[in-house]
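Visitor: Let me begin by handing over the structure; questions about it come next.
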Amino acid sequence: MPPLRTALLQSSGRPGAVAENLKVLDEAAARAAASGARLLVAPELFLTGYAIGDAVPELAEPVDGPGARAVAELAVRHGLAVLYGYPERDGERIFNASQLIGPDGASLANYRKTHLFGCFEQEWFTPGEQTVVQADLDGFRIGLLICYDVEFPENVRAHALAGTDLLLVPTAQMHPFQFVAESVIPVRAFESQMYVAYVNRTGPEGEFEFVGLSCLAGPDGTVRTRAGRGEELVIGEVDPEFLAASRAANPYLNDRRPGLYGSLA
């Protein structure tokens, strides 16, 4: 099985302008496909922007809404899978969600953020209840989390136990928490033996200052590719042979003693 070439789109697009953000995503997909990528990952709430305040209800859409259809069209046109963040409306509830669209335009998975960060998210969004959401792409088991979710080691370990090979984490990581991108993400990849693609927004947006530093971390705890602080598209590879060798050499998952951990829950 060949490596899965993965493109990370570090961008905040244009908050509040869905059509403009779809153009940015389309251009990034073209560049990613030209590099041989089979997967493009965009940041948290990329479709609409993050700091959109009262516009959240207006811009929220169902899982099969117009934004999803537009992303499906560009995925087919460029021949790669696309993960994007968006506010998902389900009846009266709105979720901070991400959806993975396959190269054939089909929805492969939809995930609702389970751990909401700060007053803004807690005011506008309902927390999701499903910890492990996965899909298969080119022989790899893909898992989904969003931003703050990955800072809870239990979430990542649940994915490890469910067989996730590559964990996609669209994020809106802001100052002064850049240490998460720099230090926490490589540790998560190492301790749970998987690749982690952490894809951030960048620059000022409303009251927030997003720090960039998107990365693809490997199961050995090293960062395979890293963006800076500005708009950027970076490419990395998820190597199945290296992943298998790392899992064989690292005893963490085999040496667990679950019987000791019951009190943690």
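Visitor: Using r as the Cβ-Cβ distance of ALA34 and LEU260, and R0 as 35 Å, what FRET efficiency do you calculate, to the nearest 0.05?
Guide: For R0 = 35 Å, the calculated efficiency reads 0.10.
Visitor: Mind putting a number on the dipole of the range 1-96 about its Cα centre? Charges go on the C-beta only, +1 for Lys and Arg and -1 for Asp and Glu, and I need it in Debye to the nearest 20.
Guide: 520 debye
Visitor: Enumerate the amide H contacts of GLY65 below 5 Å, restricted to partners 5 or more residues apart or on another chain; note that Pro and chain-start residues carry no placed amide H.
Guide: none
Visitor: Counting Lys and Arg as +1 and Asp and Glu as -1, each charge on the Cβ, what is the dipole of the chain about the Cα centre in debye, to the nearest 20?
Guide: In debye, rounded to 20, the chain gives about 600.
Visitor: Using amide H atoms built 1.01 Å from N in the peptide plane, name the residues 5+ places from LEU137, or on other chains, whose amide H lies under 5 Å from its own.
Guide: Sorted by chain and number, the residues that satisfy this are ILE142.
Visitor: Please report how far the C-alpha centroid of the range 28-42 lies from that of the range 67-124, rounded to the nearest whole angstrom.
Guide: Each part's Cα centre sits 18 Å from the other's.
Visitor: Right, something else. For ASP220, what accessible surface area do you get with a 1.4 Å probe? Give it in Å², rounded to 10.
Guide: 60 Å²
Visitor: Sticking with this one: Mind listing the phi-derived Karplus ³J(HN,Hα) values for the range 113-127, rounded to whole Hz, using 6.51, -1.76 and 1.60 with θ = phi - 60°, and x for any glycine or proline?
Guide: Along the range 113-127, the couplings run 3, 8, 10, 8, 9, x, 5, 4, 5, 5, 6, 9, 10, 9, x Hz.
Visitor: Now for a different question. Mind pulling up the Rg/Rh value for the range 131-265? Radius of gyration and Kirkwood radius, both on Cα.
Guide: 0.98
Visitor: Something else: Within the chain, what whole-number % of the accessible surface is contributed by carbon and sulfur, with the 1.4 Å probe and all protein chains included in the calculation?
Guide: 52 percent
Visitor: When the gyration tensor of the range 1-89 is built from Cα positions, what are the square roots of 5 times its three eigenvalues, in whole Å, from largest to smallest?
Guide: 24, 13, 11
Visitor: Going by accessible area, probe 1.4 Å, with all protein chains left in place, what is the ranking of THR202, THR126, largest first?
Guide: Final ranking, largest accessible area leading: THR126, THR202.
Visitor: Let me ask you something else. Which of rounded, prolate, oblate describes the range 214-263, given a ≥ b ≥ c as roots of the alpha-carbon gyration tensor eigenvalues and a/c under 1.5 marking rounded, otherwise prolate only if a/b is larger than b/c?
Guide: Oblate, since a/c reaches 1.5 and b/c is not below a/b.
Visitor: HN-Hα J couplings of the range 252-258 from phi, Karplus 6.51/-1.76/1.60, θ = phi - 60°, integer Hz, Gly and Pro as x?
Guide: Result, rounded to whole Hz: 3, 5, 6, 8, 4, 10, x.
Visitor: What nm distance separates the two modelled labels at GLU207 and ASP136, each placed 7 Å from Cα along Cα→Cβ?
Guide: 4.6 nm
Visitor: Using θ = phi - 60° and the Karplus relation 6.51 cos²θ - 1.76 cosθ + 1.60, list the HN-Hα couplings for the range 37-53 in order, rounded to whole Hz, with x at every Gly or Pro.
Guide: Listing the rounded values in order: 5, 10, 8, 10, 10, 10, x, 4, 6, 5, 4, 10, x, 8, 8, 10, x Hz.
Visitor: Would you calculate the separation in nanometres between label points at GLU27 and GLU182, each defined as 7 Å from the Cα along the Cα-to-beta-carbon direction?
Guide: Using points 7 Å along Cα→Cβ, the separation is 3.0 nm.
Visitor: Between SER107 and LEU253, what's the calculated FRET efficiency when r is the beta-carbon distance and R0 is 35 Å? Round to 0.05.
Guide: Efficiency, from the Cβ-Cβ distance: 0.70.
Visitor: Would you mind getting the accessible area per residue of the chain, heavy atoms of the protein chains only, 1.4 Å probe, in Å²?
Guide: I get 41 Å² per residue for the chain.
Visitor: Still on this model: Please find the FRET efficiency linking GLU73 to THR126, where r is the Cβ-Cβ separation and R0 is fixed at 30 Å, and quote it to the nearest 0.05.
Guide: Between GLU73 and THR126 the formula returns 0.55.
Visitor: Would you please report the Å³ per residue occupied by the convex hull of the alpha carbon atoms in the chain?
Guide: 117 Å³
The values are calculated or read from the model by the stated rules, or taken from the named source; none is laboratory data. Bear in mind the structure is a predicted one, so any value in this text is a computation, not a measurement. Neighbour counts run over all protein chains shown; Cβ positions are idealised from the backbone, glycine included. Ligands, DNA and RNA are excluded from the accessible area calculation, which covers all protein heavy atoms including side chains. Shrake-Rupley method; radii C 1.70, N 1.55, O 1.52, S 1.80 Å.
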